[in-house]
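Below is one structure, written out as structure tokens; comments come after it.
Just so it is clear, none of the values below were taken in a lab; they were calculated from the coordinates. Note that this is a predicted model, so its numbers are computed, not measured. All Cβ positions, glycine included, derive from the backbone under ideal geometry; neighbour counts span all protein chains shown.
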Amino acid sequence: MIFVLIIFSIQYSVFSLNMALKPAQIISNIRANYNTIAKEWDISRFRPSEVKVLFLKNAKPGMVVGDIGCGNGIIIPELLKRKIKKYYGLDISNKLIAIAKNKYLNEVKKNKVEFKVGNALKLPYPKNKFDIIFSLATMHHLPSEKNHLKFLQEINKVLKPGGKAVIFNWNLFNPVIRNRFESKGMVTPVKEKGYDERDVYIGWRASPDREAFRFIHIFAPEEIKKLAKKVGFKKIKTEYYSQLGKKEKNGEELVTTFIK
Ligand SMILES: C[S@@+](CC[C@H](N)C(=O)[O-])C[C@H]1O[C@@H](n2cnc3c(N)ncnc32)[C@H](O)[C@@H]1O
């Protein structure tokens, strides 16, 4: 009986995903999604992957660093090792920010680390604040080209002239990562008007009766390059990498870097 109820609730939640969702609703669902899975997500995320560590090396001593969509603050230890001046983490999930604040309480007290609940589409920081911004696995949660552009414009606003941004997006066309989710029935296409095969919902199961289907847009390299150019960024590079940090055709991570 319990099994039947669980299957029904999963089927229902997948079905209800495709009931005429507007971009603003998708964004507010993302916040709810990450709040639903925050505790288990945090437990499962304790160290950044090799490819992330590789790109975190762009942070140099004395830099002011932004982390947009910081989750549980997973990159903080790596950045502090690199003797940055200060870290600012922002996330839309109040539960993940509460977890991060608690985890890095000492660093917060020492004023080395600051967290904010907020939306990447309206960054609550002054212009020209950051030497470098990381945004890892966050931009892909935004629906619509208008929001993708706005996200990059906000980064442009808060970066110092000459500052760098490092943006990671999941490549769910990579067969390994795709199979991992598909084999568990965790990939649902977005069937709304205005979306295509690059837009999917990806499930994450915190417990048998608690899971979140998160919206993901699968960026193509040319797509993100065109948007970054439009915003006026320079030295735009966008390439696929494996989790281990090797450049790889159709690799799991699409890594984009550019300079303001
Ligand atoms: C896949 S997780 C990645 C977290 C972290 N960057 C990491 O690498 O572990 C995506 C994060 O982006 C956050 N997020 C999604 N949409 C956001 C938005 N519009 N503004 C701010 N944060 C957002 C989520 O709450 C979640 O913590």
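Summarising the label geometry, the points placed 7 Å from Cα in the beta-carbon direction at Arg198 and Lys103 lie 3.1 nm from one another. With 10 Å bins beginning at zero, the pair-distance distribution over Cα atoms of the chain amounts to 7, 30, 38, 20, 5, 1, 0 %. When you restrict to C-alpha pairs under 8 Å that are six or more residues apart and normalise by the size of the chain, the relative contact order lands at 20 percent. Look at the dipole of the chain built from charges on Cβ: of Thr188, Ser242, Leu123, the Cα furthest out on the positive end belongs to Leu123.
This model, with +1 at the C-beta of Lys and Arg and -1 at the C-beta of Asp and Glu, gives the range 122-163 a dipole about its Cα centre of some 180 debye.
The packing ranking of peptides 53-62, 130-139, highest mean first, is 130-139, 53-62, where packing means the average number of other beta carbon atoms within 10 angstrom of each residue.
Taking Cα centre as origin and charging only the Cβ of basic (Lys, Arg, +1) and acidic (Asp, Glu, -1) residues, the dipole magnitude of the range 72-212 rounds to 840 debye. Farthest toward the positive end of the dipole of the chain, out of Ile99, His141, Thr257, is the Cα of Thr257, where the dipole comes from beta carbon charges about the Cα centre.
Here the range 70-129 and the range 204-260 have alpha carbon centers that stand 21 Å from each other. Karplus-based coupling profile of the range 31-45, in residue order and whole Hz: 4, 5, 4, 6, 5, 4, 9, 3, 5, 6, 4, 4, 4, 8, 10, with θ = phi - 60° in 6.51 cos²θ - 1.76 cosθ + 1.60 and x standing for Gly or Pro. Here the range 162-260 is assigned +1 on the Cβ of each Lys and Arg and -1 on the Cβ of each Asp and Glu. Its dipole about the Cα centre then comes out at about 580 debye.
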